[in-house]
Amino acid sequence: MCGIVGYIGVREASRVLIPGLKRLEYRGYDSAGIAVLHDGKVSVRKKAGRVQELASLIRALPIGGHVGIGHTRWATHGETTDENSHPHLGGNGEVAIVHNGVIENYVNMKNFLLQKGYTFSSQTDTEALVNLIAYHYAKEPENNGKNRFVESVRKALLHVQGTYGIAVLCKDHPGEIVAARKGSPLIIGLGDNENLIASDASALALKTSRVIYLKDGELALVSDRSHRVI
């Protein structure tokens, strides 16, 4: 666990996420990564090491799009490797997550999901959560009058024991980020035709002067021009 940044708006997401992650470097970390949603696909760039190394990777392999999430990780589950770095993908890549905190019952979650045919590429507790969100997303009806993305995150979190601050993307919901917290700080920064999410106000510097601090147990749906706290 360490730092979270999210962006949705008119600018290239990577050009907001990388500076935001650099502002969180003072917290200490061992890896960094971003996920950006574009043309119906979630693309991930992540790397063990410093944010500058991630920035170099993105220059070599550009990642376009106007909605994304980023993370600096301090290892709690698994070694410091590219695979264990955040963000993590769930299901068939339809969902991406960054996560601060510790999921105490992740082994039980993982065993359940393995029985359901889900696969894992890391040693982290976070990958169990994103696969559980993907599991609920696959089960959630499309036309029941509710936001399928929000409902899948909400239902997955009902099973979590531990702490979390999360930001989540879904390829079928390109104009939305879902954020939630329990025991781990999370902030929404409000801008003009753009909104941001961060675990620390320093990541929002020079981007917005209006912030909302999520309370424990709250979930938020964030778009470029609106936000709704649930």
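The values are calculated or read from the model by the stated rules, or taken from the named source; none is laboratory data. Owing to the predicted nature of the structure, the values given are computational and were not obtained by experimental measurement. Note that we place each Cβ from the backbone using ideal geometry, even for glycine, and neighbour counts take in every protein chain shown. With ligands, DNA and RNA removed, areas are computed over all heavy atoms of the protein, side chains included. Shrake-Rupley method; radii C 1.70, N 1.55, O 1.52, S 1.80 Å.
Key figures
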{"read-out": "Whichever residue in the stretch 145-173 is in a strand (DSSP E or B) and of a type in the set (Val, Ile, Thr) and, among such residues, is nearest to Glu94 (Cα to Cα)", "value": "Val168"}
{"read-out": "Close pairs from the stretch 196-225: first within 11 Å of Tyr7 (Cβ to Cβ) and modelled with pLDDT under 95, partner open to solvent by 30 Å² or more (accessible area, probe 1.4 Å) and part of a helix (DSSP H, G or I), Cβ under 6 Å, at least 6 apart", "value": "Ala203/Arg23"}
{"read-out": "The stretch 148-184 - residue that is farther than 17 Å from Ala96 by Cα and touching a residue at least 60 places away in the same chain (Cβ under 8 Å) and, of those, surrounded by the fewest Cβ atoms within 10 Å (Cβ to Cβ)", "value": "Gly183"}
